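The values are calculated or read from the model by the stated rules, or taken from the named source; none is laboratory data. This structure is a prediction, so every number in the text was calculated from the model and none was measured. Here the Cβ is made from the backbone with ideal geometry for all residues, glycine too, and neighbour counts use every protein chain on show.
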């Protein structure tokens, strides 16, 4: 066991992404080690959602390389991708619970789809995860009957029901009151410790980022400004990072030609 | 801007629209192949199409549509009876009404009315359901859980439609003939039973076969247009609304045009 | 190194589990526990050699405990290792299961 040298679970090299003629990610390099909690931070339009979609294998890289748990996303066969997906869990920003199913069925769905388990085991495992996120006894409700914080927690329960090696969490605290979001942060830390998960959190909430992160990647306008431990990021002399940390509005740069082109051209 | 650029602008725009249209057609073709692939061989790659979901869809697109399909095709039958009696009596050829109604109903009107009703009910509901799932990231959630969205959302719908649209068409045939019989039998001075027997005698298997053949094509068209529109929804709740309308308009147009081409080639 | 064996001594059965309990073989742990409950009046599950347990393993323990309570049998977790305790605490199950430090306590 100890002979294994630790390999990064996530490796991104020179990822460049275009949407049409617009480039949204520039030469992104990104690596996450086992057991790490990594926070990807950036404002809106920084490209963090696009990076996340690549990490989830929802987008295949056309330039550069993305390897998750050793699987190259660009060249993975459907079988390899399926195997990879049983080892990762995702909690989406809005929860993305299936509205036509009860909370319990939502949480149990990955188990039922991928494992041939005894129904008793499925029931216990999925309700256990509801207990973990403090939603014990809520399995028969429909998602529409839940509050925002409860939806987030139910989504987390579904994300961890297969005991994934890798957990992605998109904006855990967006739209939640401070107490609920603090509870979620606490839960993320406990999940890593008890279930040995490697966790990637995308957020723009500084407080939560500083509390849970082992290291932070700061993304701005499609480029990685820095990756480092919390203290290093806080102490960074980089002006954009300090703008982000201190919530300073960024100065708008004006390029005369570009500006005029945008205002006058029909197909800008 | 140069004169040349000005002059070619409409062409340019037309070109882009054409490229988009071809891309969409290609996407619809792929969707058809993929849906059929999962329905036939999905279970071998861990992506089985659940029989339970197919039955649920069959209920929604088929069984629930029976009353309205019966009502409308009955009405169309009465209408055809009125028109044919009026038109043919000018030539003193009232007794040809039976065969005229029989052929036009089985070859053309029953399947067309059924198609339009189902496009309005189910084409729009496919687009709305998948569209709103797309907007709320439920489609992404399916993908990262390892459930191919096409297998889960498109295949059961396609299979259900391919089974139920022909069934509805046969029911519509019956209701239309009955409608015509009710209106015509007093004028023709025959009993309703005799009218129906005469109808059955004047029909060849190919008349009914032609309608059924069309119903398969319509089933595929309605499903694919609805599903593909749903998958390509962007822009929140408003986008879902637009997609729903677009799905109905597009699928009914596709259906009428396909019908015309069918009739042309089959009746040469 | 993943191993699960049962020692029956009269009324008491001890299920020794070792290694990393995960989905790949947790169903055999489940079966071993349920079988032990069918054979003996009191069952202890010895977990000191477990370095990792996932929720399917926990589910096996829960199902065993539930079945034991239903039939009035004694069920306890013996010398649970730190990783096991961490997972139990996550779902507050450490306050549900009877946890004992050694085999003698489980037998008593």
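A few comments on the model shown:
- Residue match in segment A:44-52 (condition: within 13 Å of chain B (Cβ to nearest Cβ), assigned to a loop (DSSP other than H, G, I, E, B) and at pLDDT 90 or above): no
- Wholly within segment B:2-90, helices (runs of 4 or more DSSP H) carrying at least 1 residues that are touching a helix residue (DSSP H, G or I) at 6+ places or on another chain (Cβ under 6 Å) and free of Cβ contacts under 8 Å to residues at least 24 places away in the same chain: B:66-89
- Residue in segment B:120-142 that is within 14 Å of chain A (Cβ to nearest Cβ) and outside any helix (DSSP H, G or I) present: yes
- Residue within segment A:187-205 that is surrounded by fewer than 20 Cβ atoms within 10 Å (Cβ to Cβ), farther than 26 Å from residue A:219 by Cα, without any contact (Cβ under 8 Å) to a residue 24 or more places away in the chain and more than 11 Å from chain C (Cβ to nearest Cβ) present: no
- Residue list for segment A:1-43, restricted to those being over 21 Å from residue A:73 (Cα atoms) and in a strand (DSSP E or B): A:22, A:37, A:39, A:41
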